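Read the structure below first, then the notes.
Since every read-out is calculated from the coordinates, none of them should be taken as a lab result. Just so you know, these numbers come straight off a predicted model, no measurement behind them. Glycine gets a Cβ as well: all are built from the backbone with ideal geometry, and neighbour counts include every protein chain shown.
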Amino acid sequence: MAEKHTASSAHHEPLPVTIAKIPAKFISYSHTIFAYSAFLIALFAGCYTHYYKIVQNEYYGYPDVREVGVKRFTNILSTHHRFPSVSATTGDRYPARAIFQIFIALTSGPRFALVFLWYYYTTRSSGSSSPAFGKFLLIVGLVRTISCGGWTYITSTDDHLAHDIAMIIYLVCTLPWQLGSLYTTPKSNPAAMKWRRFFTVAFFASLPPMIYFFLQHKIHKVPGAYTTYAFFEWSLILYDVAFDAVTALDFQTFEFSIIDLSGNSTATPVSFSKEGHAEDTISPIALRSLTLARGFITETYLAYVFWSMLTSLALLIWYFPLWHMGISGFEAFLFITLSPMILGIGPVRRLFAKYRGFFHLLSLIGVASYLKVDPVWRLSLTAIGLGISLTTWCATWFETRDHVGTLDRSIMIWGIGLLVHNVMKMAWWSENPIWPIMHKANGGINEIGIALGIIASLEVFARDLSSPALSAPSGSSSQKSNDGSNWFLASAGFGSLLFALHSMYSDSSTIMRWSVDGYPAYGPEPVPWGVATIGALALGLLLSSQRRLVTSLPWYALGCGGCAVFYGYSGWNAFYGGLVLATVLTSVMPILVRSITSHGAFKTLFTSFMIYNILCLAHVWVVAYAFVPGGVYARERTNWVLGSMMALIGAGVYNARKSDQGGANGQNAPGGLKIKKMAQLHIVKDTRFLSRLSIAGILVSSILVALNRNLSAVTPAPFTSSAKSFTAAIWTIHFALDDDMWASEVRIRDALRDLELDVVGLLESDTQRIIMGNRDWAQFIAEDLGYYVDYGPSTMKHTWGCLMLSKFPIIKSSHHLLPSPVGELACAIHATLDVYGQPVDFIVSHNGQEEDPVDRELQTTELARIMRTSPNPFVFLGYVVTKPHDYLYNLLFDGGDMNDIDTTDDWDRWCEYVGYRGLRRVGYARISHGKITDTEIQSGKFQVVDDPQQYWKASYDQVPESSIPPELRYPQMFRDKGVRGHRYHVFNEPRYYIH
């Protein structure tokens, strides 16, 4: 009986169950990806955050030239630039060092697995080597891997000797490892043999020249030798990792199996093929995941290109009315956004969707438009590119409306593209490096943008041809919604949402500049708080899958409350409201896009983009009311614009909620959430995972950008503190667009630097609107030269802007809206600066136009009152629109108890004036604009004195420059023909005075 019982137990013993199988080649893939990421991402981060420091060696440093943005990357390979060594990049500074060590830690697991796999592969599977030699090679591989950890985690700064010993052990082990791997490579795999030979020869052939150039640097101190040495050093890294990547060719027939020995697993056992090998069930899934991830990245880049073209269109249009001082006719290009209405034609819609990669490729003409110098051509080509891109995105949405997972994927990618756009603008000081107003001279990387766009478009095109399941078209996309939703409400919601995102959240600093206030309650700075803006937008995208929440009335009410706080308050409180609104807007973005696809393409798209255009025009009309027909009715009505925007978004959300309820009731509606196919469920899961991963990467990138900008920003200090002197100036800069429609902040920076301006008022400076590209170009100048910034009256104060840059701390400031009953609203900044311990008041103002004499008189009277009532020494930097000694001139200077810097009859003086009191005036100069604008620079040199009353009234006796100490003279470079188009003009030289 006992024997029978035993036999029976054995008969019923559970069989092992194979739960999953992982191809061994993925070990090689992961090792290669992590290893290359460790070095290359650290190189990028190091160059971006500490380039000038990591290229500094014991004898030479970077040439004493400041560069723009990531121009250091685009020019880094040229002969006169420096390239960092591996150790300087990966071991010296945060965050590159941390990034490198994290990825090396991730590499260690695959690395150890690879060494053991090679041992089993060569001694058990292929039989090409003896067990003794295999064990020797295994030990060499383990020692080599451990020594890699030694020189990775013990840097030369920590312990130079330990670092060098670990590095030498690694290099010594590399020789037997590579030669041994080459020797044990099976002859049945000629491809692996060929590549191993190539990388072995390349690796060891690079050693002699690397050592040679190192000795040239170390012993002979040859300039540039260390840079050449660094190139060979980096090539060794590339060859070394590539050598081990060849194992992917060997491990095609190897795999890992996860086996449940208890037999209690509910997983279905894996069947075996006739040859006795387990069938590969993981590889197709893995390949599919890789394809989805690759596609996600390429389409996200194309979404970034779309947002880049959309935000640049109105900026290019603005150039023409700016110079015409009124309606120019080019405003009609705004209506290129109506082009998707052609998708109402079914064959056209299906053509765009089926060949979306091709049409995305065509749309790159909008990025390539920068190649045309003529502004008309640039505007025209950009408009064409935007029209194609926008039509392609809409076609993709409409043709996938029956495939909920595919549609949601496309919408999320479109939203993530906006986040990428924000991060790129933060990295470029609120400019977009692929905008048509950018080129190489001012920090653009348009060529790289086009190249990446071509790659992305071709990837989408090829993927759609080879994987129809991932392409756009849907067989039943012509069906219309039967869920009770309303097409007009859907259109209104989407059109107003697009306007909201474009006008307020296409730059991370916009909501700060819309609500900025005077010092000390100035509000958040774009860096680092732009990261919070991007984070709020990202949070909304993450919450968008919670449809019950984002379509609820309390959630919409929260958005309305955020908008009200944003509009009604200033500084930090307004910023908090703006963050809440950002989260709500991006959270409802997917449902509002999905809503429009439930109806006919023509009427919904035409209505959506017409509402978007109307809101854009209203957004401009509130400030440009003096130059447009019917403008008086829109004057300063931002509250109407925001109220209409929120009401229309509310209508869209209500409609989307109604649509969802219809779908939930069992109706077979495209707007519902029924997922009929398992493939769509996989896409939903993959989309959520990739979205979260992408958003995490974007947030980390934004933090790195903010960190880099904080670390590289120059601390404000006067250009020269000799004799307590400072130089002040006034300049109208035409919204930082030069005469040829290029972004001009780099050229403005150069002029301010070379003139050594300590305090400067910049007029027509508010660029935080759709028509100016939502830019904050002053960030670049302030960080690069070291200035405190007072942005002036906020964008919601409806002025063209006046801005102050100061080398001296701003004690307090107030933003004034000067009386303007008829014409455009005039602005002024009244600030008190700490100038060498002496409080000195400054006014920067921009008065109204010549056509409004009553406005100008009231404005001048108010300015005179502010100056007259201040007890401090004072400097006036303003745009007055009057001739010297006319009525308004006397009202300003006599009424304000101020001295004109120069009272000479000047035939060319009309708009800009410099006034002062209680300071010693040293000199005065007029400098031509250099085609940056149509207005010159007027500048004065002053000294702070112990007894301001002694200098309350001015003397106008001039003295020769030779009697002025050299440190108080104007720069010589602007004499005669000057530099970069800037020169002393009218007087052709600076003027100097007794006091």
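Want the number for Phe987 to Gln958: 0.36 nm per residue separation, take away the alpha-carbon distance, what's left?
Values: separation 29, 0.36 × 29 = 10.44 nm, distance 1.30 nm.
Fully extending the segment from Phe987 to Gln958 adds 9.1 nm.
Mind checking the full-extension length gain between Leu207 and Asp934? Use 0.36 nm per residue of separation minus the Cα-Cα distance, one decimal, nm.
255.9 nm
Relative contact order of the chain: what whole-number percent is it, with Cα pairs under 8 angstrom and at least 6 residues apart?
Numbers: 1841 pairs, mean separation 96.2, N = 995.
Taking the mean separation of contacting Cα pairs over the length of the chain, I get 10 percent.
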**Message:** Using a 7 Å offset from the Cα along the Cα-to-Cβ direction at both Ala521 and Ile22, what is the distance between the two label points in nm, to one decimal?
**Reply:** 5.7
**Message:** For region 809-826 and region 40-57, what is the centre-to-centre distance using only Cα atoms, to the nearest Å?
**Reply:** 44
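Please arrange Trp621, Trp742 by how many other C-beta atoms lie within 10 Å of their C-beta, fewest to most.
Working: Trp621 20, Trp742 24.
If I rank by nearby Cβ atoms, fewest first, I get Trp621, Trp742.
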**Asked** Around Tyr519, which amide H atoms from residues at least 5 apart in sequence, or from another chain, sit under 5 Å from its own amide H, with H modelled in the peptide plane?
**Response** Ser813
**Sites Tyr836 and Trp377 - FRET efficiency at Förster radius 60 Å, r taken between beta-carbons, to 0.05** = 0.75
**Asked** Roughly how tilted is helix 283-324, in degrees to the nearest 10 and between 0 and 90, from the longest Cα axis of the chain?
**Response** 10
**Item:** Subset of Lys724/Lys941; Lys724/Lys807; Lys25/Lys135 violating a 19 Å alpha-carbon distance limit
**Value:** Lys25/Lys135
**Asked** Which residues in region 826-856 have a backbone N closer than 20 Å to a point placed 7 Å from the Cα of Asn890 along the Cα-to-Cβ line?
**Response** 853-856
**Asked** Rounded to the nearest 0.05, what FRET efficiency do Ile297 and Leu681 have when you use their Cβ-Cβ distance and R0 = 30 Å?
**Response** 0.85
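For Ile994 and Phe256 in one chain, what is 0.36 nm times their gap in residues minus the Cα-Cα distance, to one decimal in nm? Show your work: numbers first, answer last.
Values: separation 738, 0.36 × 738 = 265.68 nm, distance 8.89 nm.
Between Ile994 and Phe256, full extension yields an extra 256.8 nm.
How would you rank Val628, Val700, Val305, going from fewest to most other Cβ atoms within 10 Å of each one's own Cβ?
Working: Val628 16, Val700 13, Val305 28.
In increasing order of surrounding Cβ atoms, one gets Val700, Val628, Val305.
Let me know the shape class of region 855-903, please: from the alpha-carbon gyration tensor, a ≥ b ≥ c as square roots of the eigenvalues, rounded when a/c is under 1.5, otherwise prolate if a/b is greater than b/c, or oblate. Provide the component values of the computation, followed by the final result.
Working: a/c = 1.86, a/b = 1.25, b/c = 1.49.
Here region 855-903 falls in the oblate category.
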**Prompt:** What FRET efficiency comes out for the pair Arg635/Leu549, r = Cβ-Cβ distance, R0 = 35 Å, nearest 0.05?
**Reply:** 0.35
**Item:** Cα centroid separation, region 542-617 to region 487-514 (Å)
**Value:** 7
**Fill in**
Check: C-alpha center region 682-735 vs C-alpha center region 90-108, spacing in Å is 23
**Prompt:** Relative to the first principal axis of the alpha-carbon coordinates of the chain, what is the inclination of helix 2-11, with its axis defined by its Cα atoms, in degrees from 0 to 90 and to the nearest 10?
**Reply:** 40
**Complete:** Which residues qualify? For Tyr788, with a placed amide H closer than 5 Å and at least 5 residues away or on another chain, they are Ser806, Lys807, Phe808
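Let me know the shape class of the chain, please: from the alpha-carbon gyration tensor, a ≥ b ≥ c as square roots of the eigenvalues, rounded when a/c is under 1.5, otherwise prolate if a/b is greater than b/c, or oblate.
Here the chain falls in the oblate category.
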**Item:** Using alpha-carbon coordinates, inclination of helix 553-568 to the longest axis of the chain, degrees
**Value:** 30
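Name the shape class, rounded, prolate or oblate, that the alpha-carbon gyration tensor gives for region 722-993, where a ≥ b ≥ c are the square roots of its eigenvalues, rounded holds for a/c under 1.5, and otherwise prolate holds if a/b is larger than b/c and oblate otherwise. Write down the numbers at each step before the final one.
Details: a/c = 1.35, a/b = 1.10, b/c = 1.22.
Because its axes are fairly even, with a/c under 1.5, region 722-993 counts as rounded.
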**Point-charge dipole on Cβ atoms (K/R +1, D/E -1) for the chain, about Cα centre, debye to 20** = 3480
**Message:** Can you return the aspartates and glutamates within cross-link range of Lys685? Criterion is Cα-Cα under 14 Å, with same-chain partners fewer than 8 residues away left out.
**Reply:** Asp408
